[in-house]
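Visitor: Here it is, the structure, as structure tokens.
Quick note: the coordinates plus some simple rules give every number you see, no bench work behind them. Treat the numbers as computed from the prediction; the structure is a model and nothing was measured. Virtual Cβ from ideal backbone geometry, glycine too; neighbours counted across all protein chains shown.
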């Protein structure tokens, strides 16, 4: 099956890392793809450098937001601009392993599969591998109470655009937890496929959203909103015997309930 792939990049002030990201894109074994880059009104010289890059690479479709709109709006716009049947997000400070796109696209020969995700290597600022992200694993499909609370689903995440368009789309008001919003909305529409190999290199550095302590409070607030919206879509009014509207921190509440000794044992026995 010959399907066009759209690699989606939401960019903001990230040129130094993006150079390495772009180098990993050029090493892909599968090359029939476009690169959609939406720059969120960078305040350094990143956008000018991206313009030069785009002039020399016909695969790149580069646009810039009229003002800084944050990551939810920017990632949503990436999908809206994509022309491929299959899309996949790559953060500008991360990298792909050479077989990533090829392995993902091949799985869509099965029409039941609407998304793929894979294993992740962790790298440092200099792109040296420093370990594995150990939480990613195969999940069961069609489970009403699956919330990805343990980050079983993560990068390299790819999806069918036509199925995405059956959802409300990424919440443009989110400034974090955007990927979780995308995963949970798509989970309600069809089968996820876990590719049990490493495809993605996730960079650990001080400016990363998940490592920036000053952004932790906002991240938790956004994650709570994503989970609340998920419960409303799925018509879940109670969780573990407690009304949803009485839970002020859904990430912490669900994580605590999901990670009792009994729950952990049951997951191991699956």
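Visitor: Enter the angle in degrees (range 0 to 90, nearest 10) between the Cα long axis of helix 15-26 and the first principal axis of the Cα atoms of the chain, meaning the one along which they spread out most.
Guide: 90
Visitor: Right, something else. Among 191, 181, 162, whose mean-square fluctuation peaks in a Gaussian network model of the chain (Cα, cutoff 10 Å)?
Guide: Of 191, 181, 162, the Gaussian network model singles out 162 as fluctuating most.
Visitor: Using 19 Å as the cut-off for backbone N distance, which residues of segment 137-173 belong to the label zone defined by a point 7 Å from the Cα of residue 225 along Cα→Cβ?
Guide: 168-173
Visitor: Let me ask something else about it. May I ask you to derive the FRET efficiency for residue 112 and residue 135 from their Cβ-Cβ distance with R0 = 30 Å, giving the value to the nearest 0.05?
Guide: Working from the Cβ atoms, E equals 0.75.
Visitor: Now, a different point. May I ask for the angle, rounded to the nearest 10°, between helix 178-187 and the longest principal axis of the chain, with both axes built from Cα atoms and the value confined to 0 to 90°?
Guide: Taking the Cα atoms of the chain, the angle to 178-187 is about 60 degrees.
Visitor: Before anything else, pin down the relative contact order of the chain: Cα pairs under 8 Å, at least 6 apart, normalised by residue count, whole percent. It would help to have the intermediate numbers written out before the result.
Guide: Details: 474 pairs, mean separation 54.2, N = 270.
Across the chain, relative contact order equals 20 percent.
Visitor: Determine the distance separating the Cα centre of segment 141-168 from the Cα centre of segment 1-46; give it in Å without decimals.
Guide: What the calculation gives is 22 Å, centre to centre.
Visitor: A further question follows. Explain nothing, just the number: relative contact order of segment 21-96, from Cα pairs under 8 Å at least 6 residues apart, as a whole percent.
Guide: About 43 percent, as a whole number.
Visitor: Using a Gaussian network model on the chain with a 10 Å cutoff between Cα atoms, which of 160, 77, 233 fluctuates the most?
Guide: Checking each option, the largest mean-square fluctuation is seen for 233.
Visitor: List the residues of segment 124-138 whose backbone N lies under 20 Å from a point placed 7 Å from the Cα of residue 23 along the Cα-to-Cβ direction.
Guide: Zone members listed by number: 124-131.
Visitor: Give, in nm to one decimal, the length gained when the segment between residue 188 and residue 162 is fully stretched (0.36 nm per residue of separation minus the Cα-Cα distance). The partial results should precede the final answer.
Guide: Numbers: separation 26, 0.36 × 26 = 9.36 nm, distance 1.40 nm.
Gain on stretching residue 188 to residue 162: 8.0 nm.
Visitor: What are the equivalent ellipsoid semi-axes of segment 123-242, built from the alpha-carbon gyration tensor (square roots of five times its eigenvalues), in whole angstrom, biggest first?
Guide: Working through the eigenvalues yields semi-axes of 25, 19, 14 Å.
Visitor: Also, I was wondering about something else. As a test, work out the antiparallel percent of DSSP beta bridges whose residues both lie in segment 5-202, rounded to the nearest 5.
Guide: 30
Visitor: Treat each spin label as a single point 7 Å out from the Cα along the C-beta direction, and report the residue 196 to residue 102 distance in nm.
Guide: Taking the two extended label points, one gets 2.1 nm.
Visitor: Just to confirm the number: angle between the C-alpha axis of helix 46-55 and the first principal axis of the chain, 0 to 90 degrees, nearest 10?
Guide: 60
Visitor: Here's another thing I want to ask about it. Scale the Cα Rg of the chain by the rule-of-thumb value 2.2 N^0.38 Å and send over the ratio, two decimals.
Guide: Cα-based Rg divided by the globular estimate yields 0.99.
Visitor: I've got another one for you. How much length would be gained if the chain were fully extended between residue 245 and residue 31, taking 0.36 nm per residue of separation minus their Cα-Cα distance, in nm to one decimal?
Guide: Numbers: separation 214, 0.36 × 214 = 77.04 nm, distance 4.78 nm.
Gain on extension, residue 245 to residue 31, equals 72.3 nm.
Visitor: Show me the ranking of peptides 44-50, 182-188, 89-95 by mean Cβ neighbours inside 10 Å, starting with the highest.
Guide: Highest-to-lowest ranking by the protection proxy: 89-95, 182-188, 44-50.
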